[in-house]
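The values are calculated or read from the model by the stated rules, or taken from the named source; none is laboratory data. For clarity, every value in this text was computed on a predicted model and none was experimentally measured. Every residue, glycine among them, receives a Cβ derived from its backbone with ideal geometry; neighbour counts consider all protein chains shown. With ligands, DNA and RNA removed, areas are computed over all heavy atoms of the protein, side chains included. Shrake-Rupley method; radii C 1.70, N 1.55, O 1.52, S 1.80 Å.
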Amino acid sequence: MKKSTMALVCAVGLFLAVMLIHPGESPARVDGSHFAVYQPTVYSIHLRVYPVVGKSTISAAFINRVLAAYHSPAAGLGQQMYDLGVKYGIDPVYALAFFMHESLFGTTGEARKTQSLGNERCLPDRPCLDRQLDGYAQMNSWVDGFAHWYTLIRTLYIGKWHLVTVDQIIPVYAPQADGNDVAGYIEAVKQAVDTWRSGRVTV
């Protein structure tokens, strides 16, 4: 190969190498209309968690409205139910919801005799009624029944067993083995809580 030809080849090669390393100030343009921008879908999930502990979300007057609407024998005792909730650090809306589900506020079942908010079974410190039905604790009054329920939930379920939410408490409080509809009980309590927190009283 002639020197002149070799020099030309080397010059062309050097030019191409420089262009590859430094392509210049005007790179090739890309038409963005042919590309879709990825936009991820964000899902928002709201879990219905209902812890019984906390400040009251309903007033004593509202509790009285509910009890009166259902013609409860405990009507007029809303202040006592409210005050006991404050004392034990439990939102009284849950006491009211359990009272509704267990005996429709004392208008049905054993509670008409026992004055027990939660239809509690026989206890060492209370008389026992209807032993042929496995027995139910006879409370001294409706207020006594309220206090005993709050004490039970606070000391045993929360304090000892560390069960705090409706979903945790009810399967133990009203187990399926005793013929209870656990899922139905949980949903009934949550629905009642939501309804009353919205300020509505439905009969």
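Some points to look at:
- Of all residues in region 69-106, those satisfying the criterion of being closer than 17 Å to A192 by Cα and of a type in the set (S, T, Y) are Y70, S72, Y82, Y94, S103.
- Within region 160-200, the set of residues being out of contact with any Phe, Trp or Tyr (no Cβ under 7 Å at 6 or more places or on another chain), of a type outside the set (G, A, S) and not in a helix (DSSP H, G or I) comprises W161, H162, V164, P175, N180, D181, R200.
- Annotation: Y50 fulfils all but one of (1) out of contact with any strand residue (DSSP E or B) (no Cβ under 6 Å at 6 or more places or on another chain); (2) surrounded by 14 or more Cβ atoms within 10 Å (Cβ to Cβ); (3) closer than 18 Å to I170 by Cα; the unmet one is (1).
- Qualifying residue in region 86-109 (condition: assigned to a helix (DSSP H, G or I), under 28 Å from H71 (Cβ atoms), basic (K, R) and at pLDDT 95 or above): yes
- Residues of region 168-178 that are open to solvent by 40 Å² or more (accessible area, probe 1.4 Å) and of a type in the set (A, V, I, L, M): V172, A177.
- The residue list T165, T202 contains one member that is on the phi < 0 side of the Ramachandran plot, of a type in the set (S, T, Y) and surrounded by 12 or more Cβ atoms within 10 Å (Cβ to Cβ), which is T165.
- The set of residues in region 77-106 being free of Cβ contacts under 8 Å to residues at least 24 places away in the same chain and open to solvent by 50 Å² or more (accessible area, probe 1.4 Å) consists of Q79, D83.
- Residue in region 126-141 that is part of a helix (DSSP H, G or I), open to solvent by 70 Å² or more (accessible area, probe 1.4 Å) and closer than 19 Å to P51 by Cα present: no
- Filtered residues of region 63-76 (kept if touching a helix residue (DSSP H, G or I) at 6+ places or on another chain (Cβ under 7 Å), open to solvent by less than 40 Å² (accessible area, probe 1.4 Å) and either in a helix (DSSP H, G or I) or among the hydroxyl-bearing types (S, T, Y) (or both)): I63, V66, L67
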